[in-house]
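To start, the structure under review is shown below, and the notes come after it.
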Amino acid sequence: MFNFLKGVVGGSGGGQKDLPYNIGDPYPSAWSSWSHFRGTSKDDGSPVSIFSLSGSNPQDGRLAAGRNGVKRLRTVRHPNILSFLYSTEVETVDGSGTKVTIYIVTEPAMPLYEKIKELSLEGTQRDEYYAWGLHQIAKAVSFLNNDCKLVHGNVCLESVVVTQTLDWKLHAFDVLSEYDGTSGTATGPMLPYEWLVGSQYKSVELAKSNWVAIRKSPPWAIDSWGLGCLIYEIFSGMKLGKTEELRNTASIPKSLLPDYQRLLSSTPSRRLNASKLIENSEYFQNKLVDTIHFMEILSLKDSVEKDTFFRKLPNLTEQLPRQIVLKKLFPLLTSALEYGSATAPALTALLKIGSWLSAEEYTLKVLPTIIKLFASNDRAIRVALLQHIDQYGESLSAQAVDEQVYPHVATGFVDTSSILRELTLKSMLIMAPKLSQRNLSGSLLKYLSKLQVDEEPAIRTNTTILLGNIASYLNDGTRKRVLINAFTVRALRDTFSPARGAGVMALCATSSYYDTTEIATRILPNIVVLTIDPDSDVRSKVFQAVDQFMQILKQSNEKSNAGDTAHAGSLGLSSMPGNAGLLEWAMSSLTLKGKPLDQAPIAASNSVRPVTTTTAASSGLIETPSMAAVRVSSSSDFADAPAPPSPTLTDGWGEIENGVHEEQYSDKDGWDDIKPLEEPKPSSALANIQAAQKRPVSQPKPQAATSLRSKSTVKAVATKDEDDDLWGSIAVPTPKIASKSLKVKTSGAVEDDDPWAAIAAPPPTTKAKPLSAGRGRGTKAAAPKLGAQRINRTSSSGMQ
């Protein structure tokens, strides 16, 4: 018999050295003759609890009861019963004889009495936690009595332990036995080891060993009495000394008192079933019990119930005991999010609870869950993650961002939802410093290039802002290739005025990355044209930018004159006016709400395109401070000025003229094209007459000699004009800028069959000089404005 029980226990008999766990410090108290130790696994160091029971006689009754407890604990499984992990029985021989020790290894737990002292809860929070613990023990007792037809026999303070998640769990199964009251032939004690139970915990019939009355009683009669003893002990704060103390109800909550009295009824058949205690008592109806219960059956709730619950949870956690929230609710919440049963609002509660953890615990418990959530296909989860990235982004490691987070986040750049594209863009402000150059220059810049022509104007604006902020993380070659193209060819020509303003400020913010040649030939010519921008905020930014870049050029000139060979481009950003607070400006513009709609990207042609903007606060898009009052204008794109071709064009900015504008640009065409607007042009009719007067007389085709001479004259004049205007061959047509103050009118219409139309150059940057300038007739006949010649041809033929 002994060998059989020993085999059931599962002991190896090889000694304590074979125990795959390390035994640590003991707890001050444990049930009956057992000792309770802290322990760790030798394999992975995970914490465990180790219970040991020793006896000098192998036939000792305590050892027999201990073996019964091991057998019962390993076979009875329930969420509120201590989880069994391992057991063994060890025999050691010393001078006085053989010593037998039984070891039980369970999940880590500590005695309830010790945990209550450690938590030191008071008032409402204490009552709520006790209610939750009693609720769990009542479910365990109900499971044993009603479902398994087993009798625990000694439910008390020492038979309850608390796990790391602050759950109360029942153990000490040495006395546990089957209920045989339904068997008419059963005789003798129903509980063979009832002598292990202290007399203060025995009910009247058990104290008298009245087994006939016990068998006639319901299965829960003995354990209901034990529940009453447990309630008295936890509320009185002391262990039960004698049975008479149970009559002292001063410490029992009034809402629990009626049920407490029914549990301790002197008549066994009238005692309250543990299952009824859970259902009927008002005491168990509180916020903590309801919250944990909802989380435990979350998968059974519908989406509406989940959304309502998780939206209230952040505020609710403030009212619950902090330790309960961190050790019980938090694990339930992370599990629900990882396995998809929780909705997006749960992330807010997760991050709020996580903020109460230490930095080390945050890294171990919160970040792994967040990283897993980035792989979710639920768009609501992805939006919630990006909305709160400022709360956890700094804690993510560079490797995790580059390898695990960014590949999933990048899909948002091409999402059909403008809100998700917007949030993805904003998240790069935190992620970009942690990205490798492969992702930063090879992947991110491609997405930003596409977002600069996004249909949403706020996204285009914030793309420019972001690019200005992450410029310091790009390598020198990428900055040379990308920045000026992105800020001038696209941002400065955007139809949305805040986008143009953002381009100007981005150029100022990145001024330390440009040399004097780039400033003089590529930046200043493009920003000067915006000094007549319809938007006053853009104009004010432009004037500041012009002053800043002119100051750089002046300093460079002074150093050159002084013999200083230092490169002007090395001037730091902090030394330039207007740069202070750029990061603050960018951050604030990324947090203001508002969604400009109905804005189209820049047109590929120079046709006039009216721009209308509306705002929708619910959209989640962003406005800069200048976007608060968006001006509606009908101006066309400003003159274009692309950067020189790049050696490696992989990010979308090197060949920007092919991707956004179909025409060719020059570095100075916008500056030249805007200048003639300073003086009003003559009317169309007057322009035709003046042009006809300056134009050489065309001869009819039959007069071949005269016609040939006329053609050669025009050809020579055209060549002379091309030499005078170096930008004529590549300049774009004059942009049609609607300006009420200047009241500029467009020249007359051009005939479709005009033979000069194919080679016509745009108007020059200066007016024609008077005839007294000393040039020959051929020169005077070659009017600089070839377009006027085309119009004159129609006028003269009409006059003839």
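Points worth noting:
- Neighbours by Cβ (under 7 Å, 6+ apart or cross-chain): first from segment 509-523, closer than 14 Å to D476 by Cα; second open to solvent by 40 Å² or more (accessible area, probe 1.4 Å) and part of a helix (DSSP H, G or I): S511/L573; S512/L573
- Only a single criterion out of (1) farther than 22 Å from A400 by Cβ; (2) within 21 Å of the chain's Cα centre (by Cα) is not satisfied by D454, namely (2).
- Condition met for E158 (in contact with a Pro (Cβ under 9 Å, 6 or more places away or on another chain) and more than 28 Å from A109 (Cα to Cα)): no
- Just one residue in the set L112, L119, L85, L134 is of a type in the set (A, V, I, L, M) and open to solvent by 70 Å² or more (accessible area, probe 1.4 Å); that residue is L85.
- For segment 171-244, the helices (runs of 4 or more DSSP H) that sit wholly inside it and include 3 or more residues that are more than 23 Å from K149 (Cβ to Cβ) are 221-236.
- Of residues in segment 285-313 being in a helix (DSSP H, G or I) and of a type in the set (V, I, T), the one surrounded by the most Cβ atoms within 10 Å (Cβ to Cβ): T291
- Scan of segment 429-447 for residues that are touching a residue at least 12 places away in the same chain (Cβ under 8 Å) and either farther than 14 Å from L466 by Cβ or open to solvent by 30 Å² or more (accessible area, probe 1.4 Å) (or both), ordered by number: L429, I430, P433, K434, S436, Q437, N439, S441, G442, S443, K446, Y447
- Segment 245-261 - residue that is assigned to a helix (DSSP H, G or I) and surrounded by 16 or more Cβ atoms within 10 Å (Cβ to Cβ) and, of those, farthest from the chain's Cα centre (by Cα): L246
The values are calculated or read from the model by the stated rules, or taken from the named source; none is laboratory data. Since the structure is predicted, the reported quantities are computational estimates derived from the model, not experimental observations. Glycine gets a Cβ as well: all are built from the backbone with ideal geometry, and neighbour counts include every protein chain shown. Quick note on the areas: whole protein, heavy atoms, side chains included, nothing else; ligands and nucleic acids left out. Shrake-Rupley method; radii C 1.70, N 1.55, O 1.52, S 1.80 Å.
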